[in-house]
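Report on one structure; see the data block that follows.
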């Protein structure tokens, strides 16, 4: 869903921000043609692209907006150069071509070269960086099956104290501390789609699992859930990376290739990715055959065995597109 810009009234540069909000839905090219680029600079536009503010021209489906955002980010310098020239020529009463004149259509992006699509993980990380929250999804969703398999509970379902509970989430607001005796411990917020809870890792537990506790880490935390009328917290007794939890339950990996790009070059590149991630899980490749009615799926197994880590999924999706990897 495209981001709608709303700015507070009565602030410096009010007219510029109002103009930016009005032009955003028309696209990045139209924005750089009309706003004050001294205020709406490259850093601002990068943040807007990462937040999805220009997704209205991306087409339907996540594979489209992931490729669109990557294309705008890679071509931003060229677009800014066009905007500067366009405004200068306009002020001088001249016409500058960028696939058209001063009234060039807002969807003329023919001079911006395509770029490798963002992975879903990259897009979500960019959204969090730009907005402080996730807009198009949540990184925990790809672990839904693994979390259900180990009996993890969502925070929204915890209405009472629990002596032993497992919760999956993202580490935020991490503070690493020392006790008066000099022992290391940590306090952070464990955040899932429904909320967040303060999580305390005392020295004994930190000694065993402290290396896993880093900002933005995806963790399964087992421990005691304490709750009263004013606050709640989780006292950790065991911590596991969600990637490890998911890998344990994967028996086979299916990779789907589709479109005209599914040729020999792509297969060679995919073979190189598989070689970089050796392991013991089977791999099958499904090729969507274009032009066939009904659409055909050709499935083939490979001799290569892999480790289905998060890095493996990112590498394959960067090559074959978002959603091309299914862990079974």
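The values are calculated or read from the model by the stated rules, or taken from the named source; none is laboratory data. Treat the numbers as computed from the prediction; the structure is a model and nothing was measured. Counting neighbours? That spans all protein chains shown, and the Cβs are built from the backbone with ideal geometry, glycine included.
Test of understanding: among 205, 240, 199, which residue is over 22 Å from residue 128 (Cβ atoms), out of contact with any helix residue (DSSP H, G or I) (no Cβ under 9 Å at 6 or more places or on another chain) and crowded, with 17+ Cβ neighbours inside 10 Å?
That would be 205, the only listed residue that is over 22 Å from residue 128 (Cβ atoms), out of contact with any helix residue (DSSP H, G or I) (no Cβ under 9 Å at 6 or more places or on another chain) and crowded, with 17+ Cβ neighbours inside 10 Å.
Which numbered condition trips up residue 240, out of (1) within 22 Å of residue 143 (Cα to Cα); (2) modelled with pLDDT under 95?
Unmet for residue 240, out of (1) within 22 Å of residue 143 (Cα to Cα); (2) modelled with pLDDT under 95: (2).
What number of residues in the range 182-212 are touching a residue at least 12 places away in the same chain (Cβ under 8 Å), farther than 21 Å from residue 231 by Cβ and assigned to a loop (DSSP other than H, G, I, E, B)?
1
Consider residue 249 against the criteria (1) free of Cβ contacts under 8 Å to residues at least 40 places away in the same chain; (2) within 15 Å of residue 308 (Cβ to Cβ); (3) under 25 Å from the mean Cα position of the chain (by Cα): it satisfies all of them except one. Which criterion is unmet?
All conditions pass for residue 249, except number (1).
Scan the range 145-172 for residues that are in contact with a helix residue (DSSP H, G or I) (Cβ under 7 Å, 6 or more places away or on another chain) and assigned to a loop (DSSP other than H, G, I, E, B) and jot them down.
150
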